[in-house]
Amino acid sequence: MIIYKRFLKAFLFLLLGACTTIDSQEVTDQEPAKIDPLTSHDDQINELISKMTLEEKVSMIHANSSFTSAGVERLGIPELTMSDGPHGVRPEHGRGWDLLNDGTDSSTYLPTGVTLAATWNPELGYAFGGVLGSEANKRGKDVILGPGINIMRTPLNGRNFEYQSEDPYLISKMAVGYIKGVQDQGVAACVKHFIANNQEIRRSSINVDMGERAFREIYLPGFKAAVEEAQVMTLMGAYNQFRGEFATHNTLLINDILKGEWGFEGMVISDWGAVHDTKQALQNGTDLEMGTDLSQMPNIDYSKFFLGDTVVQMVKSGDIAEALIDDKVKRILRVMYATHMFDKRQEGSINTDAHHKTAQKVAEEGIVLLKNYDQLLPLSKEVKKVAVIGGNADAKQSLGGGSSQVRPPYEITPLAGIKSLLGADVEISYVPGFEVIKPESANSEMIAEAVAAAKAADYVVYVGGWNHGYNYNEWGQGFYDMESVDKPSMKLPFFQDELISAVIEANPKTVVVLMGGGPVDMSQWIDNAPAIVQAWYPGMEGGKALANILYGEVNPSGKLPVTFPKQLEDSPAHALGEYPGDTANVFYNEGIFVGYRYNDTYKVEPQFAFGHGLSYTTFTFSDLKLTKEGEKVTGTFTLQNTGGMDGAEVAQIYVHDTESSLKRPVKELKAFEKVFLKKGESKEISFTLEADAFKYYDDTKNGWILEPGDFEIMIGNASDNITLSGTITFE
Ligand code: BGC
């Protein structure tokens, strides 16, 4: 139906195009419709705008359904169609709500953002974006609302699972790959949420503030890279306020930095319902106001949106210059041209084997082996009886979490993945151990059942962690990894601490697999747990990928993109900063000391450090050579797989400024490379650090400073496992 509508739309536009000024470019079937620079059709766009009435222009700058904004039929301008989200094309919502469950709104459920970032593999970022772009295209979407790249400031943020990291450099590299992947499919990406939407509590009103150093060094770089390196076509303003103005219409963020300093030529979309004031939205850079028409609100009148009829009156009364509206329409039309809405976009495809394989590969590279005492893993397949325990082993996650929900054609759960890998000869017992409801106390009957299963088995695979909530239903209503609410604490829900402790006691050969968007407090059982695996939300092929890791079909190579503190109090937003602030404001007192920058500098030992992730083989780093030419440093070193299995290692390159006028973190990630090596193989790795890698933002001088002195280049396979270092000096 949707696809049919899309063809009808395209047909109408082609027909109408003949009597308008729109030039249809000749594109052959074979030629992929690559993205043009955003401004390359500005002459045609200006001419088109000169033919539009004020009312037509205004109709284009606000929603006309949940995920569309109006075109101008008379001039052959189509509607713009958007869809969530960051890890799969969302089921139809709003107009087309009636299509639910008829099978036409299914798509590949990719592992979530944090899983992707844990691969530390930008090439997979590109492949991931490619799947999303191609499927969005096939489903008739012009803009896909992702990636979400807000900094993981606190482990409690309900949307961490959608985001990527605590580190701006890692985010930048992964997001650039993702955006290029989407946009090379002829569809626009939408980087979100600009900026400082780092908590869901009071997200629609909270006023966030932070020092200029934190703003420039930590919170802006991912968005800057999206604009300058990936040429992202659209950006979504956040719900919250920033320094006293709503982020979606914030003159500093949008006019001064995004469109000013960074020269962004694309379109700023509001978050859904994030516009609060017509004049501010008009003047402070919002180009398109979006919001939701829930089907239970049949009388919603989009002309009453802030960027609706009021705008017409304001322009007519001379209160607002029409040129401001023209600029917004121009930016929308640029995205339409660049995504080939006026000519022939390349074909998309959906739910192909190749797409599902990409989902599996991202999961296999993103799952992180946290602990492996006495090499319990990989598990042997030559056993009689395995107990799989824990509610997440048998749970599907795709439809949960809020706007990022996806409806895949199937989802392989951990239990299904293990069963299919072990085959019928191994007896597998499954007991959930906990219920996904809000219990008052641990369920002793369920724990006893789990203990009995554990005792009777050769070993146990426990699969628990977070999920998208209790009262779990198809729509994922709940309170854990979930939009619009934060987690109540870092403590495992559903009394899992008691359950895990009892299971390990019953059978010490227990592998604990945790799902979820981030760390949990493991203090009650970590010393007794021999093996721990972080599986995040690994997507529709996740169970297969997990089984491949557990049984050594695939050597784990994921690395933590976020620090796992031992307890919430060890997380800088909670130790130094404010969270969640008061009812109106939150100030990020911890400043630049986010994640490992805090642990290193304040000497707080994490449970598992940023960049940590084990392998079934071993790697050594040697022979570091550094050369400095002007302000550029190049280096080489040798990485060797010294163990007994092929595998991948992530070489992480950190910079330490040995002395500086302003306090700096002990080390900061400035380069990394994921390297696949056969057993015994070694490879020379080279890297380049441009001048920016050594600079800090001086908020007393309002600029980036490269201070003379010694800089240590630190290389290792985790932020707490540096095995090579060398020093270079800037005079
Ligand atoms: C979310 C966005 C999402 C939008 C549309 C909002 O609630 O914050 O990330 O893209 O809804 O579903």
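Before moving on, here are some points about what is shown:
- Taken over region 381-416, the residue count meeting the criterion of being farther than 20 Å from Ala450 by Cβ and under 26 Å from the mean Cα position of the chain (by Cα) is 17.
- Filtered residues of region 470-494 (kept if more than 17 Å from Arg203 (Cα to Cα) and either away from the ligand (no atom under 16 Å from the Cβ) or at pLDDT 90 or above (or both)): Tyr470, Asn471, Tyr472, Asn473, Glu474, Ser489, Met490, Lys491, Leu492, Pro493, Phe494
- The residues on offer are Gly680, Gly703, and the sole one that is surrounded by fewer than 17 Cβ atoms within 10 Å (Cβ to Cβ), out of contact with any Ser or Thr (no Cβ under 9 Å at 6 or more places or on another chain) and either of a type in the set (Phe, Trp, Tyr) or over 18 Å from Asp167 (Cα atoms) (or both) is Gly703.
- Here Lys173 fulfils each of the conditions (1) assigned to a loop (DSSP other than H, G, I, E, B); (2) open to solvent by 10 Å² or more (accessible area, probe 1.4 Å); (3) under 27 Å from Asn599 (Cα atoms) apart from (1).
- Residues in region 99-151 that are under 16 Å from the mean Cα position of the chain (by Cα) and open to solvent by 10 Å² or more (accessible area, probe 1.4 Å): Asn121, Pro122, Glu123, Leu124, Tyr126, Ala127, Gly130.
- Residue match in region 43-61 (condition: open to solvent by less than 10 Å² (accessible area, probe 1.4 Å), within 16 Å of the ligand (Cβ to nearest atom) and either touching a Pro at 6+ places or on another chain (Cβ under 7 Å) or of a type outside the set (Phe, Trp, Tyr) (or both)): no
- Some residue of region 367-387 being part of a helix (DSSP H, G or I) and surrounded by 23 or more Cβ atoms within 10 Å (Cβ to Cβ): no
- Residue in region 351-359 that is surrounded by fewer than 22 Cβ atoms within 10 Å (Cβ to Cβ) and either in contact with a Phe, Trp or Tyr (Cβ under 6 Å, 6 or more places away or on another chain) or small (Gly, Ala, Ser) (or both) present: yes
- Residues in region 190-213 that are under 30 Å from Thr339 (Cα atoms) and hydrophobic (A, V, I, L, M, F, W, C) were compared, and the one that is nearest to the ligand (Cβ to nearest atom) is Cys190.
- Residue in region 219-234 that is in contact with an Asp or Glu (Cβ under 7 Å, 6 or more places away or on another chain), touching a residue at least 12 places away in the same chain (Cβ under 8 Å), more than 15 Å from Gly146 (Cα to Cα) and not basic (Lys, Arg) present: no
- The condition (being within 13 Å of the ligand (Cβ to nearest atom), outside any strand (DSSP E or B) and touching a residue at least 40 places away in the same chain (Cβ under 8 Å)) is satisfied by just one residue among Asn150, Asn137: Asn150.
- Residue list for region 250-270, filter: open to solvent by less than 10 Å² (accessible area, probe 1.4 Å), within 22 Å of Ile206 (Cβ to Cβ) and not polar (S, T, N, Q): Leu253, Ile254, Ile257, Leu258, Val268, Ile269
- Filtered residues of region 375-412 (kept if closer than 28 Å to Pro91 by Cα and free of Cβ contacts under 8 Å to residues at least 24 places away in the same chain): Lys396
- Hey, His87 at pLDDT 95 or above and within 13 Å of the ligand (Cβ to nearest atom) or not: yes
- Taken together, Val275, Val311 contain a single residue that is more than 23 Å from the chain's Cα centre (by Cα), within 15 Å of the ligand (Cβ to nearest atom), modelled with pLDDT of 95 or more and under 27 Å from Gly94 (Cβ atoms), which is Val275.
- Exclusive hit being under 19 Å from Gln534 (Cα atoms), within 16 Å of the ligand (Cβ to nearest atom) and without any contact (Cβ under 8 Å) to a residue 60 or more places away in the chain, set Gly158, Gly113: Gly113
- Residues of region 606-618 classified as open to solvent by 30 Å² or more (accessible area, probe 1.4 Å) and over 26 Å from the mean Cα position of the chain (by Cα), total: 2
- Output for region 689-720, where each listed residue is among the β-branched types (Val, Ile, Thr) and over 25 Å from Ala609 (Cβ atoms): Thr700, Ile705
- When residues of region 214-249 are limited to those that are among the polar types (S, T, N, Q) and within 16 Å of the ligand (Cβ to nearest atom), the one surrounded by the fewest Cβ atoms within 10 Å (Cβ to Cβ): Gln241
- Of residues in region 64-74 being touching a helix residue (DSSP H, G or I) at 6+ places or on another chain (Cβ under 8 Å) and open to solvent by 10 Å² or more (accessible area, probe 1.4 Å), the one nearest to the ligand (Cβ to nearest atom): Asn64
Per-residue answers, yes or no, for (1) over 15 Å from Asp209 (Cβ atoms); (2) open to solvent by less than 30 Å² (accessible area, probe 1.4 Å); (3) at pLDDT below 95; (4) out of contact with any Phe, Trp or Tyr (no Cβ under 8 Å at 6 or more places or on another chain):
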position: Leu546; (1), (2), (3), (4): yes, yes, no, yes
position: Tyr551; (1), (2), (3), (4): yes, yes, no, yes
position: Asn555; (1), (2), (3), (4): yes, yes, no, no
position: Lys559; (1), (2), (3), (4): yes, yes, no, no
position: Phe564; (1), (2), (3), (4): yes, yes, no, no
position: Val586; (1), (2), (3), (4): no, yes, no, no
position: Arg597; (1), (2), (3), (4): yes, yes, no, yes
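- Counted residues, region 41-79 - those being polar (S, T, N, Q), more than 35 Å from the chain's Cα centre (by Cα) and over 19 Å from Asp343 (Cβ atoms): 2
- Sole residue being free of Cβ contacts under 8 Å to residues at least 24 places away in the same chain, open to solvent by 10 Å² or more (accessible area, probe 1.4 Å) and away from the ligand (no atom under 16 Å from the Cβ), chosen from Lys304, Lys316: Lys304
- Scanning region 400-450 for residues that are open to solvent by 40 Å² or more (accessible area, probe 1.4 Å), of a type in the set (S, T, N, Q) and either part of a loop (DSSP other than H, G, I, E, B) or within 16 Å of the ligand (Cβ to nearest atom) (or both) gives Ser441, Asn443.
- Among residues of region 278-295, those that are outside any loop (DSSP other than H, G, I, E, B) and within 15 Å of the ligand (Cβ to nearest atom), counted: 2
- The set of residues in region 161-189 being within 16 Å of the ligand (Cβ to nearest atom) and of a type in the set (Gly, Ala, Ser) consists of Ala175, Ala188, Ala189.
- Positions within region 37-81 being within 26 Å of Gln283 (Cβ to Cβ) and among the β-branched types (Val, Ile, Thr), in sequence order: Thr39, Ile45, Ile49, Thr53, Val58, Ile61, Thr68, Val72, Ile77
The values are calculated or read from the model by the stated rules, or taken from the named source; none is laboratory data. All values reported here derive from a predicted model rather than from experimental measurement. As a convention, Cβ positions derive from the backbone with ideal geometry for all residues, glycine included, and neighbour counts pool all protein chains shown. We work out accessible area using only protein heavy atoms, side chains counted, and drop any ligands, DNA or RNA first. Shrake-Rupley method; radii C 1.70, N 1.55, O 1.52, S 1.80 Å.
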